[in-house]
Amino acid sequence: MQEVELTVADVMTTRLVTLTLRQHVLDGIDRLLQNEISGAPIVDDDGHLLGMFSEKSCINAFVVIDSERRRRCDESLQFVRAKDCMQTSLVTVRPDCDVFDAMNMLLTNRVSGLPVIDHSGQFRGVFSERSAMRVLIDLTWNQMSRGPVSAWMDSDRARTVTEQTLLPEMRTKFSETHYRRLPVLNHGRLVGQISRRDVLRADLNGLINNYQCSPGSLKFPEWFSPAPRQRWCVDNFALKHVSTVGPDYDLMSVAQEFFLTSARRFPVITNGKLIGQISRRDLLRSVQYLFPRDKPAQSPLYLSAGTGDVTTVLK
């Protein structure tokens with residue numbers, strides 16, 4: 001293996017979207033969705049880190065909002081099902097795909113997880129960024145050899161849903177587990193996928209459509225208006241105890257922390273101030289330096305929209 005000493009400073013991101021504690025929670029949710037990011041640091045005017053506002057923070061906020069709407073017997077509540085908001089054009093891999101090819105697919109397609117399906121179209125598991133962290137640990141510290149995706153995929157069937165699964169049930173799964181996506185199955189075949197972001201979009205669109213409100217205008221129903229703003233600010237849903245790293249941390253130690261925790265990013269701190277952020281994706285980009293490639297990538301697999309059929313697409 002090539003000897004390359006990389007630190008957090010070599011791969012971290014320094015241009016960040018940040019939030020403040022007093023922003024309305026819907027403003028925070030809208031900023032994550034508009035920027036297509038899964039979390040944002042919360043800072044004060046001097047750049048000190050105060051917490052993190054993640055997709056899970058957003059999910060928990062909508063759990064509270066939904067509970068309040070039910071308490072008020074809100075007749076505008078809609079029963080959105082998985083089939084109404086799932087993604088059907090998916091990047092997938094087969095169990096025998098080389099693990100480095102799979103990691104490259106995560107990066108090139110800008111996704112955090114790949115459903116694994118066999119030749120008959122049956123769902124077998126998920127190879128995610130967290131799976132990739134385990135690969136890096138096993139190859140570096142446990143001296144394992146590279147191999148197929150099946151050796152590292154997550155085959156937990158509790159993460160799957162059906163096309164009829166209701167939005168509140170999916171929201172609860174995301175709130176109570178580390179799952180970032182839920183494969184949608186029909187008789188064992190993959191027909192779609194629901195991510196945390198898909199659920200958030202469905203929830204936010206529901207509020208906007210039912211109340212003719214928008215995060216920017218703050219035109220909400222009375223119970224959700226600026227008057228009780230303190231209850232609905234980012235502060236009440238943020239993660240306050242945040243694990244951080246320094247710019248001189250070595251990457252493999254960070255990879256281990258990513259695998260052992262549900263964190264997808266760590267703020268990078270110097271003298272108490274936020275100077276950047278390192279994500280699982282940032283770390284995966286360093287793989288080409290840590291582990292030189294010795295074979296061409298296999299052709300990726302895509303799931304045709306709405307059918308569940310798998311076709312090979314040559315790049």
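The values are calculated or read from the model by the stated rules, or taken from the named source; none is laboratory data. Since the structure is predicted, the reported quantities are computational estimates derived from the model, not experimental observations. When we count neighbours, we look across all protein chains shown, and the Cβ atoms used for this are built from the backbone with ideal geometry, even at glycine.
May I ask you to list the residues in the stretch 84-102 that are crowded, with 18+ Cβ neighbours inside 10 Å, closer than 18 Å to Arg196 by Cβ and of a type outside the set (Val, Ile, Thr)?
Passing the criteria: Cys85, Met86, Leu90.
Quick check: anything in the stretch 57-78 within 28 Å of Asp27 (Cβ to Cβ), modelled with pLDDT of 90 or more and hydroxyl-bearing (Ser, Thr, Tyr)?
yes
Checking Thr7 against (1) surrounded by fewer than 19 Cβ atoms within 10 Å (Cβ to Cβ); (2) farther than 14 Å from Phe266 by Cβ; (3) of a type in the set (Val, Ile, Thr), which test does it fail?
If we test Thr7 against (1) surrounded by fewer than 19 Cβ atoms within 10 Å (Cβ to Cβ); (2) farther than 14 Å from Phe266 by Cβ; (3) of a type in the set (Val, Ile, Thr), just (2) comes out false.
Would the stretch 136-145 turn up any residue that is of a type in the set (Ser, Thr, Tyr), touching a strand residue (DSSP E or B) at 6+ places or on another chain (Cβ under 9 Å) and not in a strand (DSSP E or B)?
no
If Asn60 satisfies every condition in (1) surrounded by fewer than 18 Cβ atoms within 10 Å (Cβ to Cβ); (2) within 22 Å of the chain's Cα centre (by Cα); (3) among the polar types (S, T, N, Q) but one, which is the exception?
Every condition holds for Asn60 apart from (1).
Can you say whether Phe53 is at pLDDT below 95, buried (at least 17 other Cβ atoms within 10 Å of the Cβ) and aromatic (Phe, Trp, Tyr), as far as the supplied structure shows?
no
Of the residues Leu21, Leu33, Leu6, only one is in contact with a Cys (Cβ under 9 Å, 6 or more places away or on another chain), more than 28 Å from Thr160 (Cα to Cα) and modelled with pLDDT under 95; which?
Leu21
Would you say Leu16 is at pLDDT 90 or above, aliphatic (A, V, I, L, M), within 19 Å of Arg281 (Cβ to Cβ) and assigned to a helix (DSSP H, G or I)?
It is false that Leu16 is at pLDDT 90 or above, aliphatic (A, V, I, L, M), within 19 Å of Arg281 (Cβ to Cβ) and assigned to a helix (DSSP H, G or I).
Could you tell me how many of the residues in the stretch 285-310 are touching an Asp or Glu at 6+ places or on another chain (Cβ under 8 Å) and either at pLDDT 50 or above or in a strand (DSSP E or B) (or both)?
Number satisfying all stated conditions: 2.
Quick check on my filter: what residues within the stretch 112-121 are over 21 Å from Gly147 (Cβ atoms) and surrounded by fewer than 18 Cβ atoms within 10 Å (Cβ to Cβ)?
Ser120, Gly121
Which pairs have Cβ atoms under 6 Å, sit 6 or more apart or on different chains, and link a residue in the stretch 135-156 that is hydroxyl-bearing (Ser, Thr, Tyr) to one that is surrounded by 14 or more Cβ atoms within 10 Å (Cβ to Cβ)?
Thr140/Met252; Ser150/Pro95; Ser155/Gly125
If you take just the helices (runs of 4 or more DSSP H) that sit entirely in the stretch 20-128, which of them hold at least 1 residues that are in contact (Cβ under 8 Å) with a residue 12 or more places away in the chain, touching a strand residue (DSSP E or B) at 6+ places or on another chain (Cβ under 7 Å) and among the charged types (D, E, K, R)?
25-35, 55-71
Hey, among the residues in the stretch 247-284 that are loosely packed, with under 14 Cβ neighbours inside 10 Å and in a loop (DSSP other than H, G, I, E, B), which one's modelled with the highest pLDDT?
The extreme case among them is Asp248.
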